[in-house]
Amino acid sequence: MFGSDNQAPAHPRVLEAMLAANEGRCGSYGDDPWTVRALDLLYEVFETRDLDAYFVGTGGAANGLALSALCPPWAAIMAHPHAHVLEDEGNGPEFFTSGSRLVALGSQGLLVQPEDVEAAAARHNPDFVHGLQPRAVTLTNLSESGQVYLPDHMRAISRVCAKEHWVLHVDGARFANAVVGTKASASELSWRAGVDALSFGLTKNGAVAAEILILFGQARTKATAYLRKRAGQLFSKHRYLSAQAVAMLEDGLWLSLAGHANQMAADLGACFERAGAHLAAPVAGNEVFVHLNANQKIALQSAGIGFYPWTTFGPDTYRFVASWQTAVDDIAVVAKALA
């Protein structure tokens with residue numbers, strides 16, 4: 001029930017859009033009207049045409065391609081110690097970049113701080129050929145602890161990156177939840193905050209399999225098109241990816257779905273607190289991290305409620321994820337089990 005937003009089905013409007021695209025013949029590999037429409041919508045959402053968008057099937061591919069487009073094989077990519085790219089992508093970024101090395105920043109908190117990046121810069125000498133040569137910082141928004149980077153926070157990090165001639169990438173698998181949670185715009189959480197590349201996720205938010213790598217401004221490079229082809233992520237029947245994006249972006253569906261998920265998570269967090277359980281972190285998006293005692297854990301499991309242990313916050317801590325499909329009745333089941 002709360003194991004992951006990946007466990008939720010696709011939103012009906014996404015499936016309807018794919019079925020509507022399943023009529024007649026059209027160009028392949030992105031030469032189709034759905035891709036044209038999806039690009040126009042992206043220009044509107046991000047308030048700029050100074051971007052390139054590459055549609056792929058998975059978030060891991062979006063992250064790997066973004067970093068491979070921005071980093072040479074001899075580079076180092078720095079991330080939060082619990083970043084998804086470090087802990088959950090099976091060395092995918094190293095594979096895509098043909099050797100760039102992932103390095104954990106010395107972050108002790110839930111989010112990377114500008115001083116963490118400054119400390120990393122102080123440790124690395126660009127003239128020392130034997131040492132690591134950082135080229136990129138990657139952030140996750142929402143973060144792996146369910147927290148949000150506000151525009152000013154990201155801008156402060158991007159200023160350090162710019163000073164060091166590094167690039168800034170954002171893993172936005174739950175970017176919609178971050179936009180809703182911060183009440184900022186998509187542009188304020190991306191290029192206006194100095195972000196060079198964004199992995200814009202739609203799958204967790206109600207799509208079937210649709211992620212978009214977006215490169216902004218000077219980060220745009222023709223090499224990315226070749227890298228996507230080499231990686232096997234240039235879909236021949238591209239219209240089915242683009243149709244999903246159109247359905248999600250038209251009429252703000254991506255924001256309304258994320259808003260519902262965020263609200264359900266907030267309600268779930270309040271439910272836990274009323275039952276005497278302590279939250280491990282503030283609820284800022286669609287994830288809830290909570291400390292449960294043995295009796296609470298058993299009661300929830302006995303009620304058939306799915307969730308995951310989350311040792312990042314220590315023992316007896318668990319993650320619950322709300323989705324676009326989460327209902328008030330689902331939270332009532334949790335409340336009943338804890339009562």
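The values are calculated or read from the model by the stated rules, or taken from the named source; none is laboratory data. Computed from a prediction, not measured in an experiment: that's the story for all the values here. Heads up: the accessible areas ignore ligands, DNA and RNA and are worked out on the full protein's heavy atoms, side chains in. Shrake-Rupley method; radii C 1.70, N 1.55, O 1.52, S 1.80 Å.
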Check: How big is the antiparallel share of DSSP beta bridges in the chain, given as a percent to the nearest 5?
Finding: 55
Checklist line | Set of lysines near LYS229 by C-alpha distance (under 22 Å), chain-local residues within fewer than 8 positions excluded | finding: LYS237
Notebook entry, point to check: Distance from the Cα centre of region 210-239 to that of region 60-96, in angstrom?
Noted result: 16
Next item on the list: Treating cross-link reach as a plain straight distance, find the aspartates and glutamates whose alpha-carbon is under 20 Å from the alpha-carbon of LYS204, omitting any fewer than eight places away in the same chain.
Entry: ASP5, GLU16, GLU87, ASP88, GLU89, GLU144, ASP171, GLU250, ASP251, ASP267, GLU287, ASP330
Item checked: Percent of Cα pairs exceeding the 18 Å cut-off, where the set is region 45-98 -> 38
Next item on the list: Give me the percent of DSSP beta bridges within region 164-223 that run antiparallel, rounded to the nearest 5.
Entry: 55
Note to self: I need two numbers for region 92-185: Rg to one decimal and Dmax as a whole number, Cα atoms only, in Å.
What the structure shows: 14.1, 44
Check: Considering every Cα-Cα pair within region 222-339, what fraction, in whole percent, is farther apart than 20 Å?
Finding: 54
Next item on the list: Mind checking the per residue accessible area of the chain for me, 1.4 Å probe, whole number of Å²?
Entry: 43
Notebook entry, point to check: Where the centre of each part is set by its Cα atoms, how far does region 112-189 sit from region 1-31, in angstrom?
Noted result: 31
Checklist line | Rg ratio (alpha-carbon, reference 2.2 N^0.38 Å) - region 1-113 | finding: 1.36
Next item on the list: State the dimensionless ratio Rg/Rh of region 219-277 (Rg: radius of gyration of Cα atoms; Rh: Kirkwood radius).
Entry: 1.28
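Let me have the 222 nm mean residue ellipticity of the chain computed from DSSP H runs of 4+ only, each contributing -39500 (n - 2.57), with the sum over all residues rounded to the nearest 500.
Details: 13 runs with 139 residues, N = 339.
-12500 deg cm²/dmol, from helical runs alone.
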Next item on the list: Give the carbon-plus-sulfur fraction of the accessible surface of region 143-245 in %, rounded to a whole number; probe 1.4 Å, heavy atoms of protein chains only.
Entry: 53
Note to self: Please compute the contact order of the chain in relative form: average sequence separation of alpha-carbon pairs under 8 Å and at least six residues apart, divided by the residue count, as a percent.
What the structure shows: 24
Item checked: Share of carbon and sulfur in the accessible heavy-atom surface of region 252-330 [1.4 Å probe, %] -> 53
Item checked: Long-range Cα-Cα pairs in the chain (distance over 26 Å), rounded percent -> 49
